[in-house]
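Scroll down for the structure; my scribbles are underneath it.
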Amino acid sequence: MVPMASTESPGCYSSEERAILLDVAAESIAKALEQGSPWVPSPSDYPERLREPRATFVTLEMDGDLRGCIGALEADCPLVQDVAHNAFAAAFQDPRFAPMTESELPRLTIKVSVLSVPEPIAFASEADLLAQLRPGVDGLILKDKRHRGTFLPAVWEQLPNPIDFLAHLKRKAGLPMDDWSDDLEVLRYATESFGRAAHAKRAARLD
């Protein structure tokens, strides 16, 4: 696995770099519809910072409703390739939805979330853990033996109370919502998220 390029927190990409990443996501979906296969961009065609290994999630929405969301918590390829891969997977491989069709593109919104490096949280009890959570900021990874789940920071919009946020994350990981054990591990990460309509005008390529 390729290591993360840095522990720099999200919030570091310029508007031009964000636009390029959104172009990559949109192009990945469009090329798949045209060619019937995934597109792998060449990192050498992109600015250096977009060639760094970073983990991402790509979220697709249709008329404001979720249409697909796929990502990874650890980086194993350059940023532009990770975005292209996750955009393709969100459009065509999310098991909750049928594969995307070309007729849906005009109504599609794409959001890219670039993750910081996850960091473990030290806590003595559930109350201690809840007191350390930062609503609206923290993405969480929960691990307990073979169980594992994550919520992006955007989930705080639906679950603003830390108690509810943690309980629903336990359920997503396949645990009872009131579960607690000494084996529980929780890591936090932040994201830099940005989005636009899939059919928006493409950005000028950075040198």
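The orientation-averaged shadow of the Cα convex hull for region 119-189, equal to a quarter of the hull surface, comes to 4.0 nm².
Here region 87-206 is described by how far its Cα atoms reach on the three principal axes: 50, 32, 23 Å, from widest to narrowest. Listed by chain and number, the lysines whose alpha-carbon sits under 22 Å from that of LYS31, ignoring those within fewer than 8 places in the same chain, are LYS111, LYS201.
Seen from a random direction on average, the alpha-carbon convex hull of the chain projects onto 12.0 square nanometres. Region 29-59 and region 70-138 have Cα centres separated by 15 Å. Taking the chain as a Gaussian network of alpha-carbon nodes connected by springs under 10 Å, the highest mean-square fluctuation of the residues LEU184, LEU133, LEU142 belongs to LEU184.
For region 50-112, the percent of C-alpha pairs falling in each 10 Å distance bin, counted from 0 to the bin holding the largest distance, reads 24, 51, 22, 3. Dividing the helix sum by the residues of the chain, where each DSSP H run of 4 or more adds -39500 (n - 2.57), gives a mean residue ellipticity at 222 nm of -8000 deg cm²/dmol.
Multiply the residue separation of GLN132 and ASP182 by 0.36 nm, subtract the distance between their alpha-carbon atoms, and state the gained length in nm to one decimal.
16.2 nm
If R0 equals 25 Å, the separation of the Cβ atoms of SER14 and SER44 corresponds to a calculated FRET efficiency of about 0.80. Around the Cα centre of the chain, unit charges on the Cβ atoms of Lys, Arg, Asp and Glu (plus for the first two, minus for the last two) sum to a dipole of about 340 debye.
Only the coordinates and a few stated rules stand behind these numbers; no lab work does. Treat the numbers as computed from the prediction; the structure is a model and nothing was measured. Methodologically, a virtual Cβ is constructed for each residue, glycine included, from the backbone with ideal geometry; neighbour enumeration extends over all protein chains shown.
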